[in-house]
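In what follows, a structure is listed as structure tokens, so that the remarks can point back to it.
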Amino acid sequence: MKLTISDQAAKWYIDELGLQEGSHLRFYVRYGGHSTVQSGFSLGIMQEEPETAAAVTTMNEINFYVEEKDLWYFDGHDLLITFNEKLTEPEFHYEKSA
């Protein structure tokens, strides 16, 4: 599983959450919501240090990651986080892993 985040999306998280160099932002599975990969589940975010990170992307000295225990959610997909200019917020895209 690969995690990719655009510069604009990373900047949005950094600005909105006041992230500093060395911070960690976890994308985790939560019950409820909607996604195209798992019905009845969606992604949430939490600032915490990784236990067993399965996918990590570092931008501006911030670690964006997914824990190994949450890999089931992606069902063979990579996570691409872009920035939606119209909604002015990050947007999740799931792409089949190669």
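Sub-8 Å Cβ pairs linking a first residue in region 65-85 that is in contact (Cβ under 8 Å) with a residue 24 or more places away in the chain to a second residue that is aromatic (Phe, Trp, Tyr) and in a helix (DSSP H, G or I), at least 6 apart or interchain, are VAL66/PHE74; PHE83/TRP12, ordered by first then second residue. Note on region 47-91: residues that are touching a strand residue (DSSP E or B) at 6+ places or on another chain (Cβ under 9 Å), open to solvent by 70 Å² or more (accessible area, probe 1.4 Å) and either assigned to a strand (DSSP E or B) or aliphatic (A, V, I, L, M) (or both) total 4.
For region 18-36, the tally of residues that are open to solvent by 20 Å² or more (accessible area, probe 1.4 Å), among the aliphatic types (A, V, I, L, M) and more than 14 Å from the chain's Cα centre (by Cα) stands at 0.
Being more than 11 Å from the chain's Cα centre (by Cα) and closer than 14 Å to TRP12 by Cα is the requirement here; does GLU85 meet it? Yes: the conditions hold for GLU85. Taking each residue of region 49-60 that is farther than 12 Å from LEU79 by Cβ and looking for partners that are exposed (fewer than 13 other Cβ atoms within 10 Å of the Cβ) and among the basic types (Lys, Arg) with beta-carbon atoms closer than 8 Å, six or more apart or interchain, yields THR52/LYS69.
The values are calculated or read from the model by the stated rules, or taken from the named source; none is laboratory data. None of these values were measured; they are calculated from a predicted model. Neighbour counts run over all protein chains shown; Cβ positions are idealised from the backbone, glycine included. Note: accessible area is taken over every heavy atom of the protein model, side chains too, but ligands, DNA and RNA are not part of it. Shrake-Rupley method; radii C 1.70, N 1.55, O 1.52, S 1.80 Å.
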